[in-house]
1. Quick check: residue separation of residue 115 and residue 5 times 0.36 nm, minus the Cα distance between them. What number comes out in nm?
2. What FRET efficiency would be calculated for the residue pair residue 287, residue 182, taking the C-beta separation as r and a Förster radius of 45 Å, to the nearest 0.05?
3. May I ask you to derive the relative contact order of the stretch 61-120, considering only C-alpha pairs under 8 Å and at least 6 residues apart, and to give it as an integer percent?
4. Can you tell me what the convex hull of the Cα atoms of the stretch 13-106 projects to on average, as an area in nm²?
5. So what's the angle, to the nearest 10 degrees on a 0 to 90 scale, between helix 268-293 and the longest Cα principal axis of the chain?
6. Taking the chain as the reference, fit the longest principal axis to its C-alpha atoms, fit the long axis of helix 175-197 to the helix C-alpha atoms, and give the angle between the two in degrees, 0 to 90, nearest 10.
7. Can you give the Rg/Rh ratio of the stretch 2-173, where Rg is from the C-alpha atoms and Rh is the Kirkwood radius?
8. Between residue 19 and residue 269, what is 0.36 nm times their sequence separation minus the Cα-Cα distance? Round to one decimal in nm.
C-alpha cells in the first residue's frame, strides 16, 4: 500500500542522489507493515488496561527496551533535524523488527501468561507504552497504518498526527541493565544457533550450565533461557569454577561459557546414522568430481571458470567429510 511505498522510497535514500526503484524492496516494506500490524494485534489481544502508565517497578527486560527506545528517540530526532530521513527510518525499522517484535514481545510472554495479575498488567503497560512511542516516530513515514493502530490502543487526544513528538528522557537511560540484558540475548542467540547446527528440535529441553563473571545478569535471565532456549534447568557458576567438559557441547560468548550435555541434545544412534548417510552422499559426489578432474579431456576443453568451480566444490566436500568424521568421533567418545 501507500505506507510500504513511502517507506521504500525513504529508506536508504540520501539527499541529492537518484535511486532505483526495486519491486522486491517494496515487497520487503509490505512485510514490515505486516510485522507491525501482527505485533500490534498481539498487544491488543493481551490488553486489559484502558490507560497506559509505566509501572514504578520495572523488570530487567523493561529497562532494556525503554533504554533502547530512549536512545532511538534521541537519534531519530537528531537525524530528522539534519534531514537524514533515510537514516532515521532505517533505525526505526531495526528497532521495531529486531528489538520490539523479535525480542521484547517474546520476553514479556512469561508475565502475560503468568498467574500474577500485577506483573501481567505491568507488562501490558510497558508493551503499550513502547508501541505508542514508536508509532509516533514512525508516523511521518507511515501515516496510515500508524494512525489506524494508534486509534485502537488506549490513547489521549483525537489523532496521532496531533500528538506530541517523543522526547529523550534521562530517567529512561539504563546503560547497566541494557548491557546485562544484551549479554543474555547474545547467549540465547548463540545457543539457538548451535542447536540448529546440531539439528536439535526446538522443543527439546536441555540443562544449561553457564560459567560467567556476570552471575547476576544471567540469574535474572533464567526465565528467558527456559522460554526462548528450551532450558529444562539452568545452573549459574562463577567464571573461575572448574567444569567437567567431557560429554558436553560448549557455546562461548563474550560474557559467558555455556555447557550442554550432549546426551540430552541428540539420539546418538539416529545422529550417527544421519552422519553416515550424509558422509556417503558427500563421498559419492566427491568421487564424481575427482573423476571429472582426472580426465585430461575435461581439463583441456572446459572453461577455466568451470574447472575452478569443480575444484572448489571438491574442497568443500572434503571439508564436509572431515567435519562429519569429527562429529561422529566426538559422539563415540
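Readers should treat all values here as calculations from the given coordinates under stated rules, not as data from a laboratory. Keep in mind that what you see is a predicted model, and the values were worked out from it rather than measured. FYI the Cβ positions are ideal-geometry reconstructions off the backbone, even for glycines, and counts take in every protein chain you see.
1. Using 0.36 nm per residue and subtracting the Cα-Cα distance, I get 35.3 nm.
2. Values: r = 48 Å, r/R0 = 1.06.
Once the sixth-power term is evaluated, E becomes 0.40.
3. On the way: 26 pairs, mean separation 18.8, N = 60.
Relative contact order for the stretch 61-120 comes out at 31 percent.
4. That works out to 7.8 nm², a quarter of the Cα hull's surface.
5. 70 degrees
6. Approximately 30 degrees, to the nearest ten.
7. So for the stretch 2-173, dividing Rg by the Kirkwood Rh gives 0.97.
8. Numbers: separation 250, 0.36 × 250 = 90.00 nm, distance 5.53 nm.
Here the segment from residue 19 to residue 269 would lengthen by 84.5 nm.
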